[in-house]
């Protein structure tokens, strides 16, 4: 074999080898000059808003196009030489492998830059950044698998059997890990749709708590009584969920029953009393107050107001302050609160004794 290689290479003249060598030297020198020129131009933009993007372009050019240019120079140099078929095959396969690797690195570099851009955007939480890294990691692995299969196909290998095997295996894996994959897709749905975030107080079904951590498979909540609730992401996205952290303000409706002994004039002044009490309470907006109906044992007034906060403690403090003020003013004005009572009226009739003679 070696004798055949030497014999083929000996058919090339000295000038042919010299020409090939000059092509390699000149091509490498030109690439070096281009690299130095691009570096100097890049340094001029250091500190400017465009520097990160230009640095990204330079890194892609250096890691992707430079190797391909070197490959092109090598192919040009040996094209004028007679080389053994085995060496030609090695060069061809090396070119396919190099082209595949540089293409994969080019695509993955774009994916990395995209991820970096998303990470620097405002409003991204730690869990969202981790989710993006996981999603983009899957994308990069997929690119490598597809690149290897394409390269093997171009090198003459039959990859249809491998693809079919991957397909059957993939179907089996999907059925075996259906629940896990469902929770994973639900995680990405939570990540991008953002129905809730860490720190939000939510109610899902008969459970409620504060979101502590959003994982790939489960979401962890801390309940009001202190225990940790672990719910699968699939259940989180398939159930109706109330997010109280997203609430801008709370609407409060309550009814007060007053005694029937109140006069007409007193009843007319009561809605304005409610209005003044609510309007003088901090973080509260008055809506309305009305005499709504005659109850079995009370005259009922309905009061509606808004607490301008989603904080439950702020709501309870405001509601307590309003209740205390209502009690104080009604006591001062002699307005009584109704409670279930029964009045029994006895009708006595005098019995008359009638004598019949």
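Every number in this text was worked out from the coordinates using simple rules, so none of it is lab data. Everything numeric here is computed off the predicted structure, so don't read it as measured data. Every residue, glycine as well, gets a Cβ built from its backbone with ideal geometry; the counts of neighbours run over all protein chains shown.
Points worth noting:
- At an R0 of 45 angstrom, the distance between the Cβ atoms of residue 15 and residue 43 translates into a FRET efficiency of 0.60.
- Among 222, 263, the ranking by other beta carbons within 10 Å of each residue's beta carbon, starting with the fewest, stands as 263, 222.
- Cβ-derived FRET efficiency at R0 56 Å, residue 68 paired with residue 251, nearest 0.05: 0.30
- Computed from the alpha carbon positions, the gyration tensor of segment 37-105 leads to an equivalent ellipsoid with semi-axes of 35, 13, 5 Å, biggest first.
- Spacing of the modelled spin labels on residue 192 and residue 313, each 7 Å from Cα toward Cβ, amounts to 3.8 nm.
- Label zone at residue 283 (point 7 Å along Cα-to-Cβ), backbone N below 12 Å, segment 218-255: 249-250
- Maximal additional length on extending the residue 304-residue 116 stretch stands at 62.8 nm, based on 0.36 nm per residue less the C-alpha distance.
- Label positions at residue 324 and residue 297, each projected 7 Å from the Cα along the C-beta direction, are separated by 2.9 nm.
- Values of log10 I(q)/I(0) for segment 237-340 across q = 0.18, 0.24 Å⁻¹ run -0.87, -1.30, by the Debye formula with one identical scatterer at each alpha carbon and no solvent.
- FRET efficiency, residue 31 to residue 56 (Cβ-Cβ, R0 25 Å, nearest 0.05): 0.80
- Segment 236-271 and segment 275-318 have their alpha-carbon centroids 6 Å apart.
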